[in-house]
Amino acid sequence: MNVRTRFAPSPTGFMHIGNLRTAIFEYLVAKHNDGKFILRIEDTDQTRKVDGAVDFIYDTLKLCNIDIDEGPKVPGNSGPYIQSERKDIYKKYALDLVEKGMAYYCFCTEEELEELREFYNNKKKPFLYDGRCSRLSKEEIDEKLKLGVPYVIRQKMPKYGETEIEDVVYGKIKIDNSILDDQILLKSDGFPTYNFANVIDDHLMGITHVIRGKEYLDQTAKYNLLYDAFGWEKPTYIHVAMVLGEDGQKLSKRNGDASFMDLYNDGYLPHAIVNYLVLLGWSPDSNDEIFTMDELIEKFDETRISKSSSQYDVKKLNWFNAHYIKQLSLEELLNITVPHLSSSYDLSNKSDEWVERLVSIYQNHLSYGKEIVELTEMFFKDEICLDDECKTFMEQDGVSNTINVFKDEISSITDWNVENISNAINNTKEKSGSKGKMLYMPIRIKVSGVMHGPELPDTIYLLGKEKILERLG
Ligand code: GLU
């Protein structure tokens, strides 16, 4: 089988990590099977459309190393790949269904529908269109069409029996046909609804595996009825449970939740995000967690996708990101950190070498690029302020003696380099009798204001002799 999957985002100019995870799953299913990954832009809801959103989607996928085989900018045999450019196609198929008696024109006005909605509301029942237009005679329909009365086209649902859905993750599901609404396929502006367009496009684009959010699972009964009405083969469905936000709520654009670009701009590495996201709702058959894209392609198996929703956990993402940051070249490391440093601090009197050294000593301490700003605050601020834990530590016996000895050692350094600073610390150990934590911690706290950080001699070197003496008091 020529496996073909598609990522079908709506061009809203925003991609949260839940959307991105779907794209990754689609990509991995395609590539695991030597298949094709198609990008389709679902812009039938023109009110939500944002200019430049297609570029945004391209940039995101490109950064994540997700190659598009066919899409708006990659020619293929199933285009156009933007739904608004396929209007005529949908109309043709909608009319075909009308012809077959599986769909009908509906001329109901907004007022009539409102009345109907109120009727159901009063009965505390979900709104179902009552099918009144399906009973219009051919003459009545022709007359209205001739007069140019606005219309939509609705799918005619069976009123009895059940429709079955077969899903890789959720198994067999039966939906009672009596709850299915005669849904709109074609709107009065000539645009299709998602519910119609996805079926037409998935079929015409030869999509073999549909991977999408679980919120579409029940709706799939309606799609299956459309496939049956056309006599088309259904794709393999893989519905995936939601990724919830850190607060346990649905991720939403409005809350600015976990947007891929925000994470990227904060210095998260795209592959770290991809690696983290794949494991959000999918597990390999081992305890391994770190995977290259090639390894993911090799190992991905859709039958191991979880039925339950997963929760976005920034701490876990930080763990992945820190892992990948440790492997960056100096140049890559500078790229994700220096823009943040220079927008927060004045670097004009710092040499490139100083900045490079600063960033390098933090390579093993960073969870994300922007974090460099808070971690290096002590290098840019005149005053350091100790928290209670540091203060308590500094009140211990022997601490002030260690600091005094160290200050003398630092004062006597004529050639300011890391080796001489290390010697100064060793001499302090000899002369003060302090060792281990009681040697390093007082010095670290006094010069940097924190209890943990990169190698002490490196930190002291970069802070500079003048600042160190000032802080040693
Ligand atoms: N345009 C739909 C969305 O953004 C896609 C759903 C699907 O993959 O079929 O939710």
**Asn364 being farther than 24 Å from Glu466 by Cα, surrounded by fewer than 17 Cβ atoms within 10 Å (Cβ to Cβ) and either in contact (Cβ under 8 Å) with a residue 40 or more places away in the chain or touching a Ser or Thr at 6+ places or on another chain (Cβ under 8 Å) (or both)** = yes
**Prompt:** Quick check, is Ile66 at pLDDT 95 or above and in a loop (DSSP other than H, G, I, E, B)?
**Reply:** yes
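Looking at segment 218-235, which of the residues that are among the charged types (D, E, K, R), farther than 14 Å from Asn195 by Cα and assigned to a loop (DSSP other than H, G, I, E, B) is nearest to the ligand (Cβ to nearest atom)? Talk me through it step by step, then tell me what you get.
Start the filter on segment 218-235 by keeping residues that are among the charged types (D, E, K, R), which leaves 218, 222, 228, 233-234.
Checking the rest, the ones that are also farther than 14 Å from Asn195 by Cα come to 228, 233-234.
From what is left, the residues that are assigned to a loop (DSSP other than H, G, I, E, B) are 233-234.
Details: Glu233: 17, Lys234: 14 Å.
Filtering segment 218-235 for residues that are among the charged types (D, E, K, R), farther than 14 Å from Asn195 by Cα and assigned to a loop (DSSP other than H, G, I, E, B), the one nearest to the ligand (Cβ to nearest atom) comes out as Lys234.
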**The one condition in (1) within 16 Å of the ligand (Cβ to nearest atom); (2) farther than 22 Å from Val29 by Cα; (3) acidic (Asp, Glu) that Glu164 fails to fulfil** = (1)
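Of the residues that make up segment 109-121, is at least one buried (at least 16 other Cβ atoms within 10 Å of the Cβ) and among the polar types (S, T, N, Q)? Don't jump to the end; show me each part of the working.
Here is the first cut: in segment 109-121, the residues buried (at least 16 other Cβ atoms within 10 Å of the Cβ) are 116.
Adding the requirement that they be among the polar types (S, T, N, Q) leaves none.
Looking through segment 109-121, none of the residues is buried (at least 16 other Cβ atoms within 10 Å of the Cβ) and among the polar types (S, T, N, Q).
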**Fill in**
With the first residue restricted to segment 4-24 and required to be of a type in the set (Gly, Ala, Ser), and the second required to be at pLDDT 90 or above and more than 9 Å from the ligand (Cβ to nearest atom), Cβ contacts under 6 Å at 6 or more apart or on different chains are Gly18/Val243
**Asked** Counting only residues that are surrounded by 16 or more Cβ atoms within 10 Å (Cβ to Cβ), more than 24 Å from Glu99 (Cα to Cα) and of a type in the set (A, V, I, L, M), how many does segment 154-189 have?
**Response** 5
**Request:** Return a yes/no flag: does segment 250-257 have any residue that is within 14 Å of the ligand (Cβ to nearest atom), surrounded by fewer than 21 Cβ atoms within 10 Å (Cβ to Cβ) and assigned to a strand (DSSP E or B).
**Result:** yes
**Asked** Considering segment 422-446 alone, what residues qualify as being free of Cβ contacts under 8 Å to residues at least 40 places away in the same chain, assigned to a helix (DSSP H, G or I) and not charged (D, E, K, R)?
**Response** Ser422, Asn423, Ala424, Ile425, Asn426, Asn427, Thr428, Ser432, Leu439, Tyr440
**Request:** Read through the list (1) of a type in the set (Val, Ile, Thr); (2) more than 21 Å from Leu328 (Cα to Cα); (3) more than 16 Å from the ligand (Cβ to nearest atom), then give the number of the only condition that Thr292 fails.
**Result:** (2)
**Message:** Checking the conditions here, which among Pro126, Pro158 is outside any helix (DSSP H, G or I), touching a residue at least 60 places away in the same chain (Cβ under 8 Å) and over 21 Å from Phe191 (Cα atoms)?
**Reply:** Pro158
**Message:** Restricting to segment 367-393, count the residues that are in contact (Cβ under 8 Å) with a residue 60 or more places away in the chain and among the basic types (Lys, Arg).
**Reply:** 1
**Item:** All positions within segment 19-60 that are closer than 22 Å to Glu215 by Cα, in a loop (DSSP other than H, G, I, E, B) and more than 11 Å from the ligand (Cβ to nearest atom)
**Value:** Lys49
**Selection count, segment 50-81, where residues are within 16 Å of the chain's Cα centre (by Cα) and among the small types (Gly, Ala, Ser)** = 1
**Complete:** Checked segment 1-43 for anything over 19 Å from Thr236 (Cβ atoms) and of a type in the set (Gly, Ala, Ser); matches are Ser10, Gly13, Gly18
**Request:** May I ask you to list the residues in segment 168-217 that are assigned to a helix (DSSP H, G or I) and more than 16 Å from the ligand (Cβ to nearest atom)?
**Result:** Asn177, Ser178, Ile179
**Complete:** Checked pairs for segment 333-351, first in contact (Cβ under 8 Å) with a residue 60 or more places away in the chain and aliphatic (A, V, I, L, M), second surrounded by 13 or more Cβ atoms within 10 Å (Cβ to Cβ) and in a helix (DSSP H, G or I), C-beta under 8 Å and 6 or more apart or across chains, list as Ile336/Ile325
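The values are calculated or read from the model by the stated rules, or taken from the named source; none is laboratory data. Model, not experiment: these values are computed from the prediction. Counting neighbours? That spans all protein chains shown, and the Cβs are built from the backbone with ideal geometry, glycine included.
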